[in-house]
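Here the structure comes first, spelled out in structure tokens, and everything after it is commentary.
The values are calculated or read from the model by the stated rules, or taken from the named source; none is laboratory data. All values reported here derive from a predicted model rather than from experimental measurement. Cβ placement follows ideal geometry from the backbone for every residue including glycine, while neighbour counts extend to all protein chains displayed.
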Amino acid sequence: METFKKNPKSAPVACIANWKVILLIPLLFLISCSDDDVFNEKSSPSPDLPYAEEVEILRLQMQDMNDSKIAANLGYQMKGINSNLSGPVYFENTSAVDYHFELENPEGLIYLANAKGELQLAGVSYAVRTGANEYTSTSISAPSGFSGAYDIWRLDTEANVWRLNVWIGIENPNGIFAFENPSLYENSSRTTIDYGNTK
């Protein structure tokens, strides 16, 4: 029968080796995670994604829209009445709604009111008419918007338009193209985007 004796000098070496293995496990997990997971995308997409450049173009174009008075002068009007100016406030330029997607000219603006009643741009909203017009009676598929297949269009059957929200001013845990944004209602913990740091 073989017997093994413990070498007292090897015990510390074995402990150090075990600690190295334990420390490597989380590191391997982090390396294995993909940066391109669209479901984890927030408001600053990875530059490798096909729509990243378009989002930056849109952000630059919308910088002045942080002032809702400028938006109003350009034809955007508040939808509904939000007397308390709390939570989301929606503006839309109904005269701009047509059958075309124009990256730099969204039909709607989504603002978030702070405790002082000041509005900050949270995102933009596109509205593109469906194919039901004088030429056809059937609805077509969602518009070709941003590059890739990441944008999520929603059909508004009441207004006969396709809608797409893009969160360029406030982070969305559900993704930059998700229609709903729970951050709009988390006044104390929302994360906003500084337009001075978009490059």
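Going through (1) assigned to a loop (DSSP other than H, G, I, E, B); (2) at pLDDT 95 or above one by one, L164 falls short only on (1). Quick check on the stretch 37-51. Is at least one of its residues at pLDDT below 50, out of contact with any Gly (no Cβ under 7 Å at 6 or more places or on another chain) and either surrounded by 11 or more Cβ atoms within 10 Å (Cβ to Cβ) or small (G, A, S) (or both)? Yes, there is a match, as at least one residue in the stretch 37-51 is at pLDDT below 50, out of contact with any Gly (no Cβ under 7 Å at 6 or more places or on another chain) and either surrounded by 11 or more Cβ atoms within 10 Å (Cβ to Cβ) or small (G, A, S) (or both). The condition of being assigned to a loop (DSSP other than H, G, I, E, B), farther than 19 Å from L74 by Cβ, modelled with pLDDT of 80 or more and of a type in the set (S, T, N, Q) holds for only one of N174, N105, N133, that being N174.
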